[in-house]
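Single-structure report; data block below.
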Amino acid sequence: MKPLSRRAALTLGGLGVAGTVVGGAGLLWSRQPDQSVGPDAAPAPLSGYVGGEPLRQPPELRSTDGLLEVQLEAAPGPAVIGGRTVTVLAYNKGLPGPTLRLQPGDRVRVGLRNGLAEATNLHVHGLHVSPTDNGDNPFVMVEPGATFDYDYRLPPDHPPGLFWYHPHHHGLVADQIFGGLYGAIVIDDSEPLPVARERVLVISDFTPGGAAGVASVGQAERMRGREGRLVLVNGQLKPDIGIRPGECERWRIVNSCVSRYLRLSLAGQGLQLLGLDSGRFETPRDVEEVLLAPGNRADLLVTAAATGTTTTTHSTLRALPYDRGSAGMGGMMGGSSPSTATLDLASVTVSGEPVPAASAFPRQPAPRDLRGAAVTARRELAFAMGMGMGGGGMRFTINGESFDGDRTDTTVQTGSVEEWLLSNSSPMDHPLHLHVWPMQLIEQNGRAVEAVQWQDVVNVPAGGTARVRIAFDDFPGRTVYHCHILDHEDLGMMGVIEARGGPAPGAG
Ligand code: C2O
Ligand code: CU
Ligand code: CU
């Protein structure tokens, strides 16, 4: 791979990297001559940015007596990343925004003030709350300068875990998240787990655009799904995490990248997965790596190697290569995705007095399993990318349609259990995200999934399938499902779902 000069690197994002040639039956895409992102030219990380500071935690806002009231302002502003001052978009001037720490049953009131130059709104990703009115309603629009008061009510049996918030204004989602608008939501366990420390790791990617702000991206990068040139943990470049030998920490990790898949590894330390998204396994699973599609979260136990000595050792939290496919057209579209390189995300320094082995881990409640449930409806969501006729460019569709907020694509009954076959005829992976209702992953590429696994983002592999079951227990209303490569969502890979009927018995 030919290294790019920093100057070239910084301008790449702003280039229109594809030109259009009108062909007989539609459009052909061709690369412009000055375009240097070839099939294996993954953009090099930017130089001149220095990492290594201790990992920070975002400020935390906690509910008291069942209520959290928060003012959130989304606005552009300066941030120091890797020792340089850059312009980002941020909630309450923080990168990430504050962590909201909640209990099941809480009411959360968020006054969102839009300090951006364009419309925005707020989505609480993964929360099982009503999508109507001023709940988790993706159709709300907050104009520049305006304020909107959201009011979320968590059911008393809401699952604990890590969730997150981000803007959801169709057409602008990728730009705004890429700019820095994201924050974590933690719903506490009823019994705290026996760990020495808990950390939140919000992983995002970003390309600075100098004083002018966040780098803009061209059409080909949007089609491929943009990947930022800096990968940040809590807004920091390669921060350092200090831990004592034998110590067990709980890391709650969210993939807030617009398009980048994170195949995480931490060689040399013990890793156990407690769960993904809001799903929790009965007992932690030993893992070597964890794959997070954009939007996914991992609840991870990290046990530092017990060296028996006080020598300091180091290891590295890495994102390993993951091939999520290319936008196709015989490589004309810019080739494979950039995440085909290994990236160092954070360093882990093990030092100090060894601590004795942690107490045995409490068994978690057995998760609900829909494999034995009576399925009331089956449907297929077919993900496709195709050339538009008459100047529309590449179309990103679900069941042949691009997003139209006035159309309802899928109608379900509250109280029903549905099975969805997710199929993908395109040469790129598409991670499906459904709002409000989590999905139980039943099958991937025709192979049954053994464990009970609940996720709210399910990867649909290039040319492959996934099968999920969903219990629409409660919350009538209209909301959306979409590809969580947010450039694809903005390009139309989103549908509207409406749940009809009264709330199921027992639901609040
Ligand atoms: Cu994380 Cu509809 O989004
Ligand atoms: Cu969501
Ligand atoms: Cu996609």
For region 135-142, state whether one or more residues are surrounded by fewer than 22 Cβ atoms within 10 Å (Cβ to Cβ), under 16 Å from ALA75 (Cα atoms), without any contact (Cβ under 8 Å) to a residue 60 or more places away in the chain and more than 16 Å from ligand 3 (Cβ to nearest atom). yes
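Do the conditions hold for GLU221, that is, is it assigned to a strand (DSSP E or B) and not aliphatic (A, V, I, L, M)? Working first, answer last.
Working: assigned to a strand (DSSP E or B): no; not aliphatic (A, V, I, L, M): yes.
So GLU221 does not fit the description; no.
Considering VAL417, VAL457, VAL436, VAL480, which residue is at pLDDT 95 or above, closer than 27 Å to ASP133 by Cβ, in contact with a Ser or Thr (Cβ under 9 Å, 6 or more places away or on another chain) and within 16 Å of ligand 2 (Cβ to nearest atom)? Explain how you work it out, then say what you get.
Values: VAL417 fails: within 16 Å of ligand 2 (Cβ to nearest atom); VAL457 fails: in contact with a Ser or Thr (Cβ under 9 Å, 6 or more places away or on another chain); VAL480 fails: in contact with a Ser or Thr (Cβ under 9 Å, 6 or more places away or on another chain).
Going through VAL417, VAL457, VAL436, VAL480 in turn, just one is at pLDDT 95 or above, closer than 27 Å to ASP133 by Cβ, in contact with a Ser or Thr (Cβ under 9 Å, 6 or more places away or on another chain) and within 16 Å of ligand 2 (Cβ to nearest atom): VAL436.
One line per residue, one yes/no per condition, for (1) surrounded by fewer than 20 Cβ atoms within 10 Å (Cβ to Cβ); (2) part of a strand (DSSP E or B); (3) within 16 Å of ligand 3 (Cβ to nearest atom):
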| position | (1), (2), (3) |
| --- | --- |
| ALA451 | yes, no, no |
| ASN459 | no, yes, yes |
| ALA462 | yes, no, yes |
| ALA471 | yes, yes, no |
| THR479 | no, yes, no |
| ASP487 | no, no, yes |
Going residue by residue through region 154-175, is there one that turns out to be under 24 Å from GLN57 (Cα atoms) and away from ligand 1 (no atom under 16 Å from the Cβ)? yes
With the structure loaded, tell me whether ALA451 is away from ligand 1 (no atom under 14 Å from the Cβ) and in contact with a Ser or Thr (Cβ under 9 Å, 6 or more places away or on another chain) or whether it fails that test. no
Picking from THR120, THR99, THR64, which residue would you name as being at pLDDT 95 or above and out of contact with any strand residue (DSSP E or B) (no Cβ under 6 Å at 6 or more places or on another chain)? THR64
Scanning region 350-379 residue by residue, the ones that are part of a loop (DSSP other than H, G, I, E, B) and within 30 Å of VAL417 (Cβ to Cβ) total 12
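Examine region 172-190 for a residue that is over 20 Å from ASP490 (Cβ atoms) and of a type in the set (Phe, Trp, Tyr), and state whether such a residue exists. Quick ask: steps written out before the conclusion?
Within region 172-190, the subset over 20 Å from ASP490 (Cβ atoms) is 183-190.
Next, only the ones that are of a type in the set (Phe, Trp, Tyr) stay: none.
No: zero hits.
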Strands (runs of 3 or more DSSP E) (entirely within region 104-170) containing at least 2 residues that are among the hydrophobic types (A, V, I, L, M, F, W, C) and within 24 Å of PRO365 (Cβ to Cβ): 161-166
Could you tell me whether GLU443 is of a type in the set (D, E, K, R), in contact with a Lys or Arg (Cβ under 6 Å, 6 or more places away or on another chain) and away from ligand 1 (no atom under 16 Å from the Cβ)? yes
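The values are calculated or read from the model by the stated rules, or taken from the named source; none is laboratory data. Worth saying up front: this structure is predicted, and the values here are computed from it rather than measured. Neighbour counts are summed over all protein chains in view; Cβ atoms, including those assigned to glycine, are modelled from backbone coordinates with ideal geometry.
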